[in-house]
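What follows is a short report on a single structure.
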Amino acid sequence: MSGEAEPFIRIENVAKSFGSFQAVKDVNLTVARGEIFSLLGGSGCGKTTLLRMLAGFEDPTAGRIFIDGQDMSGIPPWERPVHMMFQSYAIFPHMSVEKNIAYGLKHERISAADRAARVAEMLDLVQLTPFAKRKPHQISGGQRQRVALARALARQPKLLLLDEPLAALDKKLREHTQFELMSIQARTGVTFIVVTHDQEEAMTLSDRIAVMDRGEVRQVGTPTEIYEYPASRFVAGFIGAISTFPARVIRLTGDLAEVDIPAMDGTFAARATPGLTEGQEITVALRPEKVAIAKTCPDAVNVVEGQVKDLAYFGKDSLYRVTLPGGDLIAVHAVNARRGPDTARPADWDDKVWLSFEPASAIILTD
Amino acid sequence: MTRRPVFLITVLCFGFAFFYIPILSMMVYSFNDSRLATVWGGFSTRWYASLFSNRQVGAALLLSVQIALISATMATILGAMAGIALARFRKFRGRTIFSGMVTAPLIMPEVITGISLLMFFIMLAQITGWPGQRGFTTITLAHITFSMVFVTTVVHARMSQMDRSIEEAAMDLGSRPWQVLKDVTLPVISPALVSGWLLAFTISLDDVVITSFTTGPGATTLPLLIWSKVKLGVTPDINALATLIVVTVGLCVALAGWLMSRAERRRLAEERLAYRAGG
C-alpha cells in the first residue's frame, strides 16, 4: 500500500494526438479511492479519449497514468485492474446473461463453485436473477445496462469506467438508474470514473466533476463548487442556466466590489474575488434562481427595473425573460409557491417588474 | 380503387417464363421414354434407373463433393482472415491495393483465371517437380483461389456492421487478442462464415471453366462429365441428372429460407415480450 499522500489515480501531464488533432492536452488530475468522479463536457472535448487511455485502449502521446501507485505505461487492457462499461453496453450477443457476467471470471484462478457464487452475487446485485438464462435480445435496454454493469463488476476491479452510462435510457428509467448506480457504488466501494455530456447527470452522480473543453480540463470541483463558484465563463455557461453581462470594477471595499453594469444602467454590489483591481473589465453572471422578481420595489441592495418579455409556466415554477434598461434580457426563475388564479404568478407578460439579487449571488468572472 | 399495374405484371410473367420454362421442359423430358431427347415417346423412369447404375456418374459426383468440401473449408479460413484484416486494420500501407486485388477475381473473366492457373501449375511443376500430374489437388487449389473472394466479401460486410466495442469489452475483461477472436469475433460473425462456406461450396460444385483448365487425366468432376456428354448430344439421362440437381438445390434453398425466417420470427417475438415486460 502506498502512503496517505499518494492519490488512487494520478493523471500526469497526459496528452493525446491523433495525427495533427490534439484530443487531450496536458491533463493533470487526481482521483481518490472510492470516489465517483465525472468527466463532463460536450462532444469532442476529449473526455472519452481520456477514459480510453485509462482503460488502455489508447496510449498517451505524452504523460503518465498511475493507478494505485502503479505506472500504467505499456500495460495492455487485459492486464489492467480496470473495467469499463461501454456506452453501447457491448453485451456479447451470443451468450446468455449469466455467461456474459461470468466471462471475465474465466481468467481468474478460482473454483467453479466460487465462480458460480460470484455470478449469483452479481445477478442479485443488479436484480437480474430471474433473467440469468436469457439471451441479450430477450431483455430490455435497462436490463442490458445492468448486465453490462454486473459484468464489469464481477472481477472486482479497483476502478470502474462508465462511458455515458445513462445516455441510452429513457428519462424515467434514467433517474431510477442513477440512484441505483450510486447505491451499488456505495455497497461495492469501487472507484467510478464517469464520462458524461449531461450536466444534470454529473451533478447528481458525482463527488467531484472535471469540466473539459477542447482537450483541456477547465475546472475540477464538487458539484456545488462548479455550480456556485464557476472559474470561467465557459464553466458557468456549461453548467446550468446563467445570464452574463460585461461590467467594470469601480471600487473595492473589503470583500465587496462596486461594479458598473451598463446593461442594467447602474452600479451594483458584488462579492469580490481575490486578485481583483479597480477599473478591471469583468463579467458579472447571475443564476436565474438567485434573482428575485416582484411587482413592487423591494428593500434590497441591488435592485433593477425591467419589463417581462416572455414567460414559461411549468406549474411548480415559472421562467421569465425580462428586458433590462439597456435592452438586454435576463433569465429569472421563480417558484410558484402560492395557489390561486390571480396569485399563481408574481408577474405577467409586459408587466413592469423589480428584480433584486444579493451581492453574494453575483458571480464575478475574469476569464 | 387501386389500379393493377398491368405492365409490371406482364413483365413479371415473361421474366418467370423465360427462366422456368426451359427448366420445366428439361424436367418433363427426363421422364421421356424415347432415346431422342427432343421427341416425346411416352412416360418412363428408365433414365433415372440407368443413372443410378452408372458408375461414372457416381465417381464424378463423389469427386465434385470432395473437392467442394475441401476448397470451401480452405476458402472460408483464408477468406475470413482477409475479410477480418480488411475490416479491422483501418490503415495500412497498400490497403487500397490489397482490397482491390482481393476482389479482382470477382470481375476477372473465368477463362483468364483458368489459363493463368494452368500456366502457374505448369511452371511450378517445371521448377519444383510438383504437382507432377494435374487433377484433384490442382482443381482444389484453383477452386480455393476463386471462391475465397466471396467469403472475404461476406465476412468483410459482417465485420463492418459489428460493434467494435464488444471486442474491446472482452479485452477489457482480461482476454488476450486471440482469445477475443475465439470467444467473441468468430461466434458473432459465424452466420457470415456459414453463408460464405455455402457460397464457396456451390461455386466449386458447379464450376466448369476453371476446372477444365486445371484438371488432368482421370479427374472428372460432375459438371465436366455433363459437359463432355452434352457435347455428344443431349441424352435423357443428362436430363434426369439435371432434374435431380435442380430438385436438391431447390429443397436446400427452401429449407435454409424456412430456418432463417423461423429464427427471425422467434427473435422478434422474444424482443416484443422483453419490451412488454419492461424494466
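Restricting attention to the range B:111-163, which residues are under 21 Å from the mean Cα position of the chain (by Cα) and of a type in the set (D, E, K, R)?
The answer is B:Arg158, and nothing else.
Return yes or no: is A:Lys171 more than 9 Å from every other protein chain (Cβ to nearest Cβ), among the basic types (Lys, Arg) and over 21 Å from B:Ser175 (Cα atoms)?
Yes.
Kindly indicate whether any position in the range A:120-129 is in a loop (DSSP other than H, G, I, E, B) and crowded, with 18+ Cβ neighbours inside 10 Å.
Taking every residue of the range A:120-129 in turn, at least one turns out to be in a loop (DSSP other than H, G, I, E, B) and crowded, with 18+ Cβ neighbours inside 10 Å.
State which residue is nearest to the other protein chains (Cβ to nearest Cβ) when the search covers only the range A:123-146 and only residues that are of a type in the set (A, V, I, L, M, F, W, C) and under 31 Å from the mean Cα position of the chain (by Cα).
Among them, the one singled out is A:Ile139.
Among the numbered conditions (1) open to solvent by less than 50 Å² (accessible area, probe 1.4 Å); (2) not in a strand (DSSP E or B), tell me where A:Asp299 comes up short.
It fails just one condition, (1).
Out of B:Ser195, B:Ser165, B:Ser228, B:Ser204, I need the residue that is over 23 Å from B:Ala75 (Cα atoms), surrounded by 15 or more Cβ atoms within 10 Å (Cβ to Cβ) and outside the structural domain of B:Gly257 (by TED's automatic domain parsing). Which one?
B:Ser165
For B:Thr76, state whether it is open to solvent by less than 30 Å² (accessible area, probe 1.4 Å), part of a helix (DSSP H, G or I), farther than 16 Å from B:Thr214 by Cβ and of a type in the set (Val, Ile, Thr).
Criteria met by B:Thr76.
For every residue, the table says whether it meets (1) acidic (Asp, Glu); (2) assigned to a helix (DSSP H, G or I); (3) outside the structural domain of B:Leu186 (by TED's automatic domain parsing); (4) open to solvent by 70 Å² or more (accessible area, probe 1.4 Å).
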| residue | (1), (2), (3), (4) |
| --- | --- |
| B:Thr10 | no, yes, yes, no |
| B:Cys13 | no, yes, yes, yes |
| B:Phe18 | no, yes, yes, yes |
| B:Ser25 | no, yes, yes, no |
| B:Pro105 | no, yes, no, no |
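Whether any residue in the range A:219-231 is part of a strand (DSSP E or B), in the same structural domain as A:Val14 (by TED's automatic domain parsing) and open to solvent by less than 50 Å² (accessible area, probe 1.4 Å) is what I want to check.
Taking every residue of the range A:219-231 in turn, at least one turns out to be part of a strand (DSSP E or B), in the same structural domain as A:Val14 (by TED's automatic domain parsing) and open to solvent by less than 50 Å² (accessible area, probe 1.4 Å).
I'd like to verify a number: residues in the range A:80-122 that are within 16 Å of B:Asp172 (Cβ to Cβ) and either over 31 Å from the mean Cα position of the chain (by Cα) or not assigned by TED's automatic domain parsing to the domain that holds A:Glu164 (or both), how many?
Total satisfying the criteria: 7.
Across the range A:259-315, which residue is farthest from A:Gly237 (Cα to Cα) among those that are of a type in the set (Ser, Thr, Tyr) and out of contact with any strand residue (DSSP E or B) (no Cβ under 6 Å at 6 or more places or on another chain)?
So the residue we want is A:Thr296.
What is the residue count in the range B:113-172 for residues that are within 14 Å of chain A (Cβ to nearest Cβ) and of a type in the set (Lys, Arg)?
Residues that pass the stated criteria total 2.
Check whether at least one residue in the range B:251-273 is touching a residue at least 60 places away in the same chain (Cβ under 8 Å) and not aromatic (Phe, Trp, Tyr), and report yes or no.
no
So the check is Cβ under 7 Å with 6+ separation or different chains; which pairs have a first residue in the range B:34-57 that's loosely packed, with under 13 Cβ neighbours inside 10 Å and a second one that's hydrophobic (A, V, I, L, M, F, W, C) and assigned to a helix (DSSP H, G or I)?
Note: pairs meeting the criteria are B:Gln56/B:Leu225.
Based on what the data block shows, is A:Glu180 modelled with pLDDT under 90 and not β-branched (Val, Ile, Thr)?
Yes, satisfied.
Let's see how each residue does on (1) surrounded by fewer than 17 Cβ atoms within 10 Å (Cβ to Cβ); (2) without any contact (Cβ under 8 Å) to a residue 24 or more places away in the chain; (3) assigned by TED's automatic domain parsing to the domain that holds B:Ser71:
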position: B:Ile139; (1), (2), (3): no, no, yes
position: B:His143; (1), (2), (3): no, no, yes
position: B:Ala157; (1), (2), (3): yes, no, yes
position: B:Gly174; (1), (2), (3): no, yes, yes
position: B:Pro177; (1), (2), (3): yes, yes, yes
position: B:Val180; (1), (2), (3): no, yes, yes
position: B:Asp183; (1), (2), (3): no, yes, yes
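Show the residue pairs meeting these rules: Cβ distance below 6 Å; 6+ apart or different chains; first residue within the range A:69-85 and open to solvent by less than 50 Å² (accessible area, probe 1.4 Å); second residue basic (Lys, Arg) and assigned to a loop (DSSP other than H, G, I, E, B).
Note: pairs meeting the criteria are A:Pro81/A:Lys158.
Any idea which residue in the range A:323-367 is modelled with the highest pLDDT, counting only those that are in a loop (DSSP other than H, G, I, E, B), among the small types (Gly, Ala, Ser) and open to solvent by less than 20 Å² (accessible area, probe 1.4 Å)?
Selected residue: A:Ala362.
What are the pairs with Cβ atoms under 7 angstrom where one residue, in the range B:91-113, is within 12 Å of B:Ser147 (Cα to Cα) and the other, located anywhere, is among the polar types (S, T, N, Q) and surrounded by 12 or more Cβ atoms within 10 Å (Cβ to Cβ)? Sequence gap at least six, or different chains.
Short answer, once both residue conditions are applied: B:Val102/B:Thr152; B:Thr103/B:Thr153; B:Pro105/B:Thr113.
Based on what the data block shows, is A:Leu160 within 13 Å of another protein chain (Cβ to nearest Cβ) and part of a helix (DSSP H, G or I)?
no
I need the full set of residues from the range A:165-192 which are in contact with a strand residue (DSSP E or B) (Cβ under 7 Å, 6 or more places away or on another chain) and of a type in the set (Phe, Trp, Tyr), in order please.
Answer for the range A:165-192, where residues must be in contact with a strand residue (DSSP E or B) (Cβ under 7 Å, 6 or more places away or on another chain) and of a type in the set (Phe, Trp, Tyr): just A:Phe192.
Sort out which residues of the range A:303-322 are within 31 Å of the chain's Cα centre (by Cα) and either under 22 Å from A:Ala360 (Cβ atoms) or in a strand (DSSP E or B) (or both), and write them in order of number.
A:Asp310, A:Leu311, A:Ala312, A:Tyr313, A:Asp317, A:Ser318, A:Leu319, A:Tyr320, A:Arg321, A:Val322
Just to be sure before I move on: is A:Ile110 in contact with a helix residue (DSSP H, G or I) (Cβ under 9 Å, 6 or more places away or on another chain), surrounded by fewer than 17 Cβ atoms within 10 Å (Cβ to Cβ) and part of a loop (DSSP other than H, G, I, E, B) in the structure I sent?
yes
Can you tell me which condition B:Ala263 does not meet? The list is (1) open to solvent by less than 40 Å² (accessible area, probe 1.4 Å); (2) within 14 Å of chain A (Cβ to nearest Cβ), and all the others hold.
So B:Ala263 meets the others, but not (1).
The values are calculated or read from the model by the stated rules, or taken from the named source; none is laboratory data. Please read these numbers as outputs of a predicted model, since none were measured by experiment. A quick note on method: Cβ atoms are made from the backbone with ideal geometry, for glycine too, and the neighbour counts reach across all protein chains shown. When the accessible area is computed, the model is the full protein with side chains, heavy atoms only, and any ligands, DNA or RNA have been set aside. Shrake-Rupley method; radii C 1.70, N 1.55, O 1.52, S 1.80 Å.
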